[in-house]
Amino acid sequence: MRFDRLVAVLLLLQRREQVTAAEVSRELDVSERTARRDLEALAMAGVPVYSVRGRGGGWRLVGGARTDLSGLTASEARALFLAVGPASGATPAMKAALRKLVHALPKPFQVEAEAAASSLVVDPQRWGASRIEPRPPRFLDELQGAVIRGVQVSLGYVDGKGVETRRTVHPLGIVAKGPVWYLVSNTETGRRVFRIDRVSSADPTENPVQRPGDFDLAESWNEIAEEVDRKRTPLEVSAVCTPEGIDVLRMALGDRLDVGGPTTDGRVAVVIRGPNEYILAGELSGLVEWVEVTAPPGVRDRMASIGNALVERYGRPRTGGGLHSS
């Protein structure tokens, strides 16, 4: 944390001609004694900072010395070091920007900044999953450039059935969902989302994008993701669960579980979403110790059928010891 504070003090000195220990204390939410020690530590580390004694005094940078980090807070700088470290999936351009950022820091801080950049490894692969690292899709740079320039794109696209079409789109933003990249665009038929790995060609035009004045990419993506989730899990099952089973359901079902209030018998009302009756019945059959499905009847019937099949297969003693040769 002290590294963060020292960088924050340096940035504060750059924004103001002079600061006092009391001002640093208020800004960083530390005691005046800690603020004074940090200011002295900057001077001892070789940063050109000096104190002005007497009334109206404080701390200043010699000759207005500056780095190129004036708009960056210490926590933002550290977040960049962590997110764009050598073990991350950052692009070469992002890593080059990180190197410039580190070199813009005063030398006393560069070692710790570089240490922060190599202190974290993000492994997005689940245990047992393929170790093949996904490559950025072919036309990612062209589409990102079109978003930044605000120009329309003549887009070739192959849908999930292998049918290729061409249309002119108004790129609004790009989203990475796990290993898959998506282009959010306006089209003649409304807002559309395209998987960038299915783009067969991308030719930017000189025509400006028609961008809604109130468009917000994060908000728009949340709406898109919710709609996709609803389409993927259109069936809702009502059930009751024992209090001790709620955590089990959360682990098994994730965000497909909505937890309600207590029922009269002490259990908890829940709603579970899934793609169809067959899959939901199979999932919930393994959770009958905690869960009782109340609706729809089709899921209850399928769970009863699964239970009968389990009893038929495993409820009777096994006879015979397998295959025998004569």
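For region 190-306, which whole-number percentage of the solvent-accessible area (1.4 Å probe, protein heavy atoms only) is attributable to carbon and sulfur atoms?
Taking all protein chains in place, region 190-306 shows 49 percent carbon and sulfur surface.
For a quick protection proxy, order the peptides 232-242, 209-219 by their average other-Cβ count within 10 Å, most packed first.
Ranked by mean Cβ neighbours within 10 Å, highest first: 232-242, 209-219.
Obtain the nm distance between the two label points defined at T168 and L217 by a simple spin-label model: each point lies 7 Å from its Cα along the Cα-to-C-beta direction.
2.4 nm
Assuming R0 = 22 Å, what is the FRET efficiency of E289 and R316, from their Cβ-Cβ distance, to the nearest 0.05?
The pair E289/R316 has a calculated efficiency of 0.50.
For V209, what residues show an amide H to amide H distance below 5 Å, using hydrogens built from the backbone and excluding near sequence neighbours?
It is V151, Q152, by chain and number.
Rounded to the nearest 0.05, what FRET efficiency is calculated for A225 and V271 with R0 set to 25 Å and r the Cβ-Cβ distance?
It comes to 0.85.
Can you give the accessible area of S285, probe radius 1.4 Å, in Å² rounded to 10?
30 Å²
Could you give the accessible area per residue of region 151-193, probe 1.4 Å, as a whole number in Å²?
Accessible area per residue: 52 Å².
Once label points are set 7 Å from the Cα along Cα→Cβ at both R15 and R195, what is their separation, rounded to one decimal in nm?
4.5 nm
The values are calculated or read from the model by the stated rules, or taken from the named source; none is laboratory data. In this text, all values refer to a predicted model and were calculated from it rather than measured experimentally. We place every Cβ from the backbone using ideal geometry, glycine too, and count neighbours over all the protein chains shown. Ligands, DNA and RNA are excluded from the accessible area calculation, which covers all protein heavy atoms including side chains. Shrake-Rupley method; radii C 1.70, N 1.55, O 1.52, S 1.80 Å.
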